[in-house]
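The values are calculated or read from the model by the stated rules, or taken from the named source; none is laboratory data. Every value quoted in this text rests on a predicted model; they were computed, and no experiment measured them. Here Cβ is always computed from backbone atoms with ideal geometry, including for glycine, and neighbour counts include all displayed protein chains.
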2 protein chains.
Amino acid sequence: MARPRKQDEKDIPGLAIASARCLLEKDGLSGVTMARIAAAVGCSAPALYGHFRNRDALLRAVHDAGFEQLVRDKVAVAAQTAGDPIGRLREGGRAYVAFALDNPALYHLMFNPPPLPEFAGNPFEHDAGMASLLLLRRAVEAAQAAGYLPAEDADRVAFILWSTVHGAVSLMLQNRAPHPAADRQALGWQVVDSAISLITSSRASGPSRDA
Amino acid sequence: MARPRKQDEKDIPGLAIASARCLLEKDGLSGVTMARIAAAVGCSAPALYGHFRNRDALLRAVHDAGFEQLVRDKVAVAAQTAGDPIGRLREGGRAYVAFALDNPALYHLMFNPPPLPEFAGNPFEHDAGMASLLLLRRAVEAAQAAGYLPAEDADRVAFILWSTVHGAVSLMLQNRAPHPAADRQALGWQVVDSAISLITSSRASGPSRDA
DNA sequence: CAGGTTAAATTAATGACGTTCGGTTTCTGG
DNA sequence: CCAGAAACCGAACGTCATTAATTTAACCTG
């Protein structure tokens, strides 16, 4: 019972991430213990330390895997909305809402990641979440090419759109939306539409901000 | 060394909440341990259990205290903006941004509260956060009385405004805003102004949503 | 004012968890 | 076939939240 035979090799990193994600949705973050992950993988807890520096690093890997799936979802939407920048923004936003509502605990982890001292110096470079912002910025730039918000900074517009939708699903996942029992997806879609109206209403008149 | 003399009585609940809040901003959530809180209060760790059911309950008290301060801040703003609904929304939003940026760890706790099984059945009734939403809704209703967004549901508009600003400060506090080194307060104010433009741009034409 | 009950702490103990250590088995390169 | 590296396990350690047993002060009740 030490090193396994080659035929018995297991993909411990992959299984650990998948098991942790499963435990996360089932029992919440505090239910994700090294011992339980190991039991689900079929190894001992110390074996996980051969593949992840510590528990936070494993959770960070789950976090990254979540963003990778989110990016995949958004790329799939983008492929179906070529030539329609506003439609792409709308469908991308709806995919985002669906992802958050389908994976609430994972979404929570993605936006409340464990602090990683090794990356503290430059979180921007190592954060998988920024890839998803890049996709959004490209969609905003496409909308600008179609005549919307011509004078605005695409990064800033993308940030505001992301803020609105992220804020809404965050509040919904904590039962802080009005009428908590009501249909969450419908509310999420309304928020997406309101955010997009910030852009669509701009074609006739310039933005009305004053800062 | 058991029960203290009356002259030595301490306000353990109050001191514990204040100490926990101080530790929270200094060392993060994982630095807030019962032993450290007790040391700061000047008592032993088990003594805290006479005033709080467990650590989560103590953190929930910190969470509630944070919302109480936030509401105080917003009430102070409201007192200075009587008769100017749009100005009240703008200044209220700026006060919100300032609170979040001044108390980042507390803000994080307020919007990622520990799960309380005893209140799981009806979080709406027991959540101090909802009081702050009520203030916002009143401001929206005042704006509607002044002719903005006449046909919209005030709850829904308030939720969207809150979502936008909350989402933006949440992302900023995690270094997920563009240009992370730039002035955060300025970006927060821009977001507030953009959100308010959703309302101000509505007086001429109705909302352009389609859901 | 004596004596018993309650209240509010204390120290000690328990149990779960993350993590490290030492040893054992298997793989790999010569 | 053999040395060394790699991968894993069981046991052990330290920290932390929480509970148990105990002590002392305050509060009645006569």
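Look at B:R138 and say whether it is of a type in the set (K, R) and not in a loop (DSSP other than H, G, I, E, B). When the stated conditions are applied, B:R138 passes them.
Among the residues that make up the stretch A:58-70, is at least one of them closer than 30 Å to A:R137 by Cα, within 14 Å of another protein chain (Cβ to nearest Cβ), within 17 Å of the chain's Cα centre (by Cα) and within 15 Å of DNA strand C (Cβ to nearest atom)? Checked against the condition, which is being closer than 30 Å to A:R137 by Cα, within 14 Å of another protein chain (Cβ to nearest Cβ), within 17 Å of the chain's Cα centre (by Cα) and within 15 Å of DNA strand C (Cβ to nearest atom), the stretch A:58-70 yields at least one hit.
For B:R55, the conditions (1) away from chain A (no Cβ under 14 Å); (2) within 15 Å of DNA strand C (Cβ to nearest atom); (3) basic (K, R) are fulfilled apart from (1).
Within the stretch B:24-41, identify whether any single residue is touching a Gly at 6+ places or on another chain (Cβ under 8 Å), closer than 19 Å to B:M110 by Cα and modelled with pLDDT of 95 or more, and answer yes or no.
First, pick out the residues of the stretch B:24-41 that are touching a Gly at 6+ places or on another chain (Cβ under 8 Å): B:24.
Narrowing further to those that are closer than 19 Å to B:M110 by Cα: B:24.
With the extra rule that they be modelled with pLDDT of 95 or more, the set shrinks to B:24.
Yes: the stretch B:24-41 contains one or more residues that are touching a Gly at 6+ places or on another chain (Cβ under 8 Å), closer than 19 Å to B:M110 by Cα and modelled with pLDDT of 95 or more.
Total residues in the stretch B:73-112 satisfying the condition of being more than 12 Å from the chain's Cα centre (by Cα) and of a type in the set (A, V, I, L, M, F, W, C): the figure is 8.
With the condition kept exactly as written, say whether any residue in the stretch A:46-63 is hydroxyl-bearing (S, T, Y) and away from DNA strand D (no atom under 16 Å from the Cβ).
Restricting attention to the stretch A:46-63, the residues satisfying the condition of being hydroxyl-bearing (S, T, Y) are A:49.
Within this subset, residues satisfying the condition of being away from DNA strand D (no atom under 16 Å from the Cβ) are none.
Taking every residue of the stretch A:46-63 in turn, none turns out to be hydroxyl-bearing (S, T, Y) and away from DNA strand D (no atom under 16 Å from the Cβ).
Among the candidates A:L133, A:L89, the residue that is modelled with pLDDT under 95, under 18 Å from A:A195 (Cβ atoms) and of a type in the set (A, V, I, L, M) is uniquely A:L133. Scanning the stretch A:185-201 for residues that are within 7 Å of another protein chain (Cβ to nearest Cβ) and without any contact (Cβ under 8 Å) to a residue 12 or more places away in the chain, we see that the one that is nearest to B:S132 (Cα to Cα) is A:Q190. Residue count for the stretch B:140-159 satisfying the condition of being within 14 Å of another protein chain (Cβ to nearest Cβ) and in contact with a helix residue (DSSP H, G or I) (Cβ under 8 Å, 6 or more places away or on another chain): 11. Among the residues making up the stretch B:1-21, those that are within 11 Å of DNA strand D (Cβ to nearest atom) and not in a helix (DSSP H, G or I) are B:M1, B:A2, B:R3, B:P4, B:R5, B:E9. Give the residues of the stretch A:166-184 that are touching a helix residue (DSSP H, G or I) at 6+ places or on another chain (Cβ under 6 Å) and more than 7 Å from chain B (Cβ to nearest Cβ), sorted by residue number. Correct list: A:V169, A:M172, A:L173, A:R184.
Only residues that are buried (at least 19 other Cβ atoms within 10 Å of the Cβ) and either without any contact (Cβ under 8 Å) to a residue 60 or more places away in the chain or out of contact with any Leu (no Cβ under 9 Å at 6 or more places or on another chain) (or both) were counted across the stretch B:13-25, and they come to 5.
Scanning the stretch A:26-42 for residues that are away from DNA strand C (no atom under 12 Å from the Cβ) and surrounded by 16 or more Cβ atoms within 10 Å (Cβ to Cβ) yields a single hit, A:V41.
Please work out if A:F52 is buried (at least 17 other Cβ atoms within 10 Å of the Cβ) and closer than 21 Å to B:A177 by Cα. Here the answer is no, as A:F52 does not meet what is asked.
Contact map, the stretch B:47-59: residues that are farther than 17 Å from B:D11 by Cα paired with residues that are within 12 Å of DNA strand C (Cβ to nearest atom), Cβ distance under 8 Å, separation 6+ or inter-chain. Pairs shown: B:R55/B:M34.
Please verify whether A:K6 is surrounded by fewer than 17 Cβ atoms within 10 Å (Cβ to Cβ), under 30 Å from B:L116 (Cα atoms) and basic (K, R), treating the condition exactly as stated. Answer is no for this residue.
When we screen B:G42, B:G28 for residues that are of a type in the set (G, A, S) and under 21 Å from the mean Cα position of the chain (by Cα), the only hit is B:G28. Would you call A:S170 touching a residue at least 24 places away in the same chain (Cβ under 8 Å), out of contact with any Cys (no Cβ under 8 Å at 6 or more places or on another chain), surrounded by 18 or more Cβ atoms within 10 Å (Cβ to Cβ) and not in a loop (DSSP other than H, G, I, E, B)? When the stated conditions are applied, A:S170 passes them.
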